[in-house]
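Engineer: Please find one structure pasted underneath; my questions will follow.
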Amino acid sequence: MPEKITTRDSSSKEIHQLEFEEEADKHRTGSSFGAYFNIVCVIAGTGTLQLPLTLKQGGWISIIMIILSACIATYTGNLLIKCLYYDGVTRLPDYPSVGEAAYGKYGKIFVRVFYYSIQLGASCIYILLAGQNAHALLTDWGVQVNPKICTIVAAVVICIPYITLKTLKEVAFLAVFGAIATLVVVFVVVVEGFLHLPSLKDKDYGHAFAHGSGIPIALASISFSYGGNVIYPHVEEGMRHPKSWNKVLLMAIGTITAMYMLISVCGYYIYGNQTDSPIYNNIPANAGYFVAVVLITIHVILAAPILLTSFANEMEMIFKIDRKYHSASKEFLLRASLRAVVIVVLTLIALFLPHVPELMSLVGALSNCIIVFVAPIILYLKLYGWRSISKLELLWCLIVIAIGLLGCVLGAKDAIISLIEKTKA
């Protein structure tokens, strides 16, 4: 009798698995190439502009931290996707659901707090950066406009695709333009920097191997620059070939790291202790400067809807804003209202805290260090058990958790102090 029950249960599980896969395949229409661009567009961009300053804060040793963070981001990104399939039958829909599967409702709440703070915090920074760039360009062209007006206009521009496009699959085409724009900005800034180098040879732009006091906040900024975990479940969900996820993530992180290394090393080498953020503030205000500012503005305008759409899809699921429950017109009205409220709140924050580097460091320290470095490992070990990995890999996991907690605590402290000083100034 026990054998028959086992066989029946096994058959039922296989049937359930087949039904689940057939249903999932209906929604998997995105290409691996599109997934690659989604990851590159969301992760790169603002990190590209911030990392030269990170080398100034931490010294040349920050290069090691960038490479280490890239390895960690790839490793934990793969662990997170494995957690979605932990039961071998169905697929969990998102990151908070993994927290719930591992630690119940408290695990879900814990993940959601940090998870949403990344999505909303990064989007707030994108709105702010787009507004500041627009104001800088208009000022250079002799047009005097209140910077707050520029921030509001930037928010409205971001709001248009955010409201009109419903899912990540629909906003995927935005990622292609964003990724290309970021690559061009890296090229322009590096070329302009080296063209500018001869005029700087008589100036004292010193360098340092390490600044111990600046390493925690540098780590926080670097972790912000690899904060893609919030969209990984949604990107993988739309992939036609989900088994290619590991390759797609590796290629995306590799591309991003190559851009980071190029612009950060060159930027710090050329400008040393005078390195600014965004890095294009260091180059002369010529055609290259304007191209860099315009393109990075395009990037953040395109990247923000991707992050915000990921957040909105989950909120709409919670509030049951779906065609299952409403007519097409009512569903659109509810969705547009919810997303408009999100944009308004983020814009208000951007207007009252207009300090991009400090905000990036704070979000990176408080949220990215947990979501990118710590949480995927803790959740994976809970769902699969620590015996599922080798002792060497377990040691690696403990090192990663220690790095994440160090960056979270010390990086947040330094970022808050810096933000308070900037606000008072």
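Engineer: Could you report the chain's accessible area per residue, 1.4 Å probe, as an integer in Å²?
Structural biologist: 45
Engineer: In what sequence, largest accessible area first, do L195, L348, L394 appear using a 1.4 Å probe?
Structural biologist: Details: L195 125, L348 85, L394 40 Å².
I get L195, L348, L394, largest accessible area first.
Engineer: With every protein chain left in place and a probe of 1.4 Å, what is the accessible surface of I109, to the nearest 10 Å²?
Structural biologist: 100
Engineer: On to the next question. How far apart, in nm, are two points set 7 Å out from the Cα along the Cα-to-Cβ line at L195 and at N281?
Structural biologist: The modelled label-to-label distance comes out at 2.2 nm.
Engineer: In vacuum, with every alpha carbon of the stretch 278-425 counted as one equal point scatterer, what does the Debye formula give for log10 I(q)/I(0) at q = 0.13, 0.14, 0.18 Å⁻¹? Two decimals, please.
Structural biologist: Results for the stretch 278-425 at q = 0.13, 0.14, 0.18 Å⁻¹ read -0.94, -1.01, -1.14.
Engineer: Distance in nm between label sites at L137 and S327, each 7 Å beyond Cα in the beta-carbon direction?
Structural biologist: Once both label points are built, they end up 4.1 nm from each other.
Engineer: Write out the cysteines belonging to the chain for which the nearest other cysteine Cβ is not under 4.7 Å, or none if no such cysteine exists.
Structural biologist: Those would be C41, C71, C83, C124, C150, C159, C266, C397, since no other cysteine Cβ in the chain comes under 4.7 Å of theirs.
Engineer: For the chain, modelled as a Gaussian network with Cα springs under 10 Å, which listed residue fluctuates most, F187, F177, F319?
Structural biologist: So, out of F187, F177, F319, the one fluctuating most is F319.
Engineer: Let me know the charge dipole size of the chain about its Cα centre in debye, to the nearest 20, where only the beta-carbon of Lys, Arg (+1) and Asp, Glu (-1) is charged.
Structural biologist: Values: 31 positive and 27 negative charges, 103 e Å.
Value, rounded to 20: 500 debye.
Engineer: Could you compute the FRET efficiency for S213 and I401, with r as their C-beta to C-beta distance and R0 at 22 Å, rounded to 0.05?
Structural biologist: Plugging the Cβ-Cβ distance into 1/(1 + (r/R0)^6) gives 0.40.
Engineer: Connecting C-alpha atoms closer than 10 Å in a GNM of the chain, tell me which of A303, A285, A130 has the biggest fluctuation.
Structural biologist: The residue that fluctuates most here is A285.
Engineer: Considering only protein heavy atoms, with the full assembly of protein chains and a 1.4 angstrom probe, order F352, F114, F194 by accessible area, largest first.
Structural biologist: Ranked from most to least accessible, the order is F352, F194, F114.
Engineer: Using only alpha carbons, build the gyration tensor for the stretch 113-169 and give me the equivalent ellipsoid semi-axes, biggest first, whole Å.
Structural biologist: Values: eigenvalues 134, 40, 12 Å².
Ellipsoid half-lengths, sorted descending, are 26, 14, 8 Å.
Engineer: Separate question: Can you pull the percent of the chain's accessible area that's carbon plus sulfur, 1.4 Å probe, other chains left in place?
Structural biologist: 69
Engineer: Of R335, R91, R387, which is the most mobile in a GNM of the chain whose springs link Cα atoms less than 10 angstrom apart?
Structural biologist: Result: R387 has the largest fluctuation of those listed.
Engineer: On a 0 to 90° scale, report how tilted helix 391-424 is relative to the longest principal axis of the chain, with both axes built from alpha carbons and the result rounded to the nearest 10.
Structural biologist: The helix 391-424 is inclined about 50 degrees to the chain.
Engineer: For a bin width of 10 Å, list the pair-distance distribution of the stretch 226-292 built from all Cα-Cα distances, rounded to whole %.
Structural biologist: Pair shares across the bins are 17, 33, 24, 21, 5.
Engineer: What distance in nm lies between label points placed 7 Å from Cα along the C-beta direction at M317 and I416?
Structural biologist: It is 3.2 nm.
Engineer: With Cα extents along the principal axes in Å in mind, check (i) 85, 45, 42; (ii) 88, 56, 38; (iii) 71, 47, 45 and report the label derived from this structure.
Structural biologist: This structure yields the entry labelled (ii).
Engineer: A follow-up question, please. Helix 168-196 versus the longest principal axis of the chain: what is the Cα-based angle in degrees, 0 to 90, to the nearest 10?
Structural biologist: Value to nearest ten degrees: 30.
Engineer: Divide by every residue of the chain the summed helix terms, -39500 (n - 2.57) for each DSSP H run of at least 4, and state the resulting mean residue ellipticity at 222 nm, rounded to the nearest 500 deg cm²/dmol.
Structural biologist: Mean residue ellipticity, 222 nm, calculated: -26000 deg cm²/dmol.
Engineer: Could I ask something else about it? With angles folded into 0 to 90 degrees, how steeply does helix 95-140 sit against the dominant principal axis of the chain? Use alpha carbons for both and round to 10.
Structural biologist: 30
The values are calculated or read from the model by the stated rules, or taken from the named source; none is laboratory data. Predicted model, so just to flag it, every value in this text is computed and none were measured. Here Cβ is always computed from backbone atoms with ideal geometry, including for glycine, and neighbour counts include all displayed protein chains. Remember, those area values only see protein heavy atoms, side chains included, never the ligands or the DNA or RNA. Shrake-Rupley method; radii C 1.70, N 1.55, O 1.52, S 1.80 Å.
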